[in-house]
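Before any comments, here is the structure.
The values are calculated or read from the model by the stated rules, or taken from the named source; none is laboratory data. The structure displayed is predicted, hence computed values, not measured ones. Note that each Cβ is placed from the backbone with ideal geometry, even for glycine, and that neighbours are counted across all protein chains shown. These area figures cover heavy atoms from the full protein model, side chains too; ligands, DNA and RNA do not enter into them. Shrake-Rupley method; radii C 1.70, N 1.55, O 1.52, S 1.80 Å.
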Amino acid sequence: MYPLIRPRRLRASESVRKLVRETIVTPDDFLVPLFVTEGKGVKKEIPSMPNYFNLSLDLLEKEVKELWKMGLSSVLLFAKVEDNLKDNKGTEALNPDGLMQRAIKTVKNACPQMLVMTDVAMDPFSSYGHDGIVADGQILNDESAEVLAEMSVSHAKAGADFVAPSDMMDGRILTIREALEDEGFTNTGIMAYSAKYASAFYGPFRDALDSAPVDIANVPKDKKTYQMDYANRYEAIKETQMDIDEGADIVMVKPGLCYLDIVREIRNEVDIPVAVYQVSGEYAMVKAAAEKGWLDHDAVMLEQLTAIKRAGANIIASYFAKDFIRTLG
């Protein structure tokens, strides 16, 4: 008679496995990152991110229409800014006719129902590659937060549905929320990068936007004074709760796979949507290993995406979104 309980009965076939499956990834889970650049007819592959591209606005229009047809209905925009437009105060980020502002309008004109989120950070616009103003070897917090608030209002005016501050300056969510309210953008949401770690997995992304910190005297060579120490766990809960108290509508953990314990901790603590960013390094590793024939690309991709959702993510920002759709047949 032993054993009466046999868990393997629920694994006996693919049909029963699907019937009792606890975690299912769907197209609705995805937030698709898109990189935009100046020019026309530009579709430039990012060398460290195979099959991912910097797109000019005319091709961005085509891309969002394709995404919509595929069932992907949310995008996260990033702008690659020309070097001559960069300075220490991120001045170009506030240009109402800047690349980001035009990209927002392009998406909304091409596909009005597409949800548009925008990266709010100074590093693509900074001559130093930092997420804030550099002075005397430090990153200024409050002064940088004011710029981020102005940037957020500019994005809202262009038509963004959500702004996504990715900088990790203290108090910037409240500063942004108040600025949006003052300008009448009460319905513009904030997705806060609440637990963003100082990770080595961001390298390909920085290649894509040319946004790595510069190596010159009297400028911090990394982002460890504002991004979180990856050894810390409880700090992530504190940071997240602070952002919620300041007005965040969605909170994010970044990177993804190495931080699933943090995702679960936060999911257990908060009652608002939790996003996870499966970052460029995670994407690049799978692509490179699959190219070598060392692992099964689709199997590993699906396992990772499922693990992220299983950990508690409501939203997955991932470069694999179109690849995932392809697996659905």
Matching residues in the range 183-211 - criterion: being under 20 Å from Met151 (Cα atoms), of a type in the set (A, V, I, L, M, F, W, C) and outside any helix (DSSP H, G or I): Phe185, Ile190, Met191, Ala192
Among (1) free of Cβ contacts under 8 Å to residues at least 40 places away in the same chain; (2) closer than 29 Å to Ala79 by Cα; (3) open to solvent by 20 Å² or more (accessible area, probe 1.4 Å); (4) assigned to a helix (DSSP H, G or I), Val286 falls short only on (3)
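Rundown of residues vs (1) open to solvent by 10 Å² or more (accessible area, probe 1.4 Å); (2) closer than 30 Å to Trp68 by Cα, yes/no style:
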position	(1), (2)
Met114	no, yes
Thr118	no, yes
Gly137	yes, no
Leu140	yes, no
Asp170	yes, no
Leu174	yes, no
Phe205	yes, yes
Lys224	yes, no
Asp229	yes, no
Write out, first by first residue and then by second, each pair whose Cβ atoms fall under 7 Å of each other, whose residues are 6+ apart or on separate chains, and whose first residue, in the range 92-117, is basic (Lys, Arg) while the second is surrounded by fewer than 18 Cβ atoms within 10 Å (Cβ to Cβ). Lys105/Gly159; Lys108/Gly159
Note down all Cβ pairs under 7 Å where the first residue falls in the range 215-228 and is in contact (Cβ under 8 Å) with a residue 40 or more places away in the chain and under 25 Å from Met252 (Cβ atoms), the second is hydroxyl-bearing (Ser, Thr, Tyr) and surrounded by fewer than 11 Cβ atoms within 10 Å (Cβ to Cβ), and they're at least six residues apart or on different chains. none
I need a count of the residues in the range 183-202 that are crowded, with 22+ Cβ neighbours inside 10 Å and either closer than 18 Å to Tyr259 by Cα or free of Cβ contacts under 8 Å to residues at least 40 places away in the same chain (or both). 8
From the list Asp249, Asp182, Asp170, which residue is modelled with pLDDT of 95 or more, acidic (Asp, Glu) and within 21 Å of Phe30 (Cα to Cα)? Asp249
Among the numbered criteria (1) touching a residue at least 24 places away in the same chain (Cβ under 8 Å); (2) not in a helix (DSSP H, G or I), which single criterion is violated by Leu295? (1)
Tally up the residues in the range 1-51 that are open to solvent by 100 Å² or more (accessible area, probe 1.4 Å) and not in a loop (DSSP other than H, G, I, E, B), please. 8
Of Ile262, Ile244, the only residue that is touching a strand residue (DSSP E or B) at 6+ places or on another chain (Cβ under 6 Å), at pLDDT 95 or above, in a helix (DSSP H, G or I) and not acidic (Asp, Glu) is Ile262
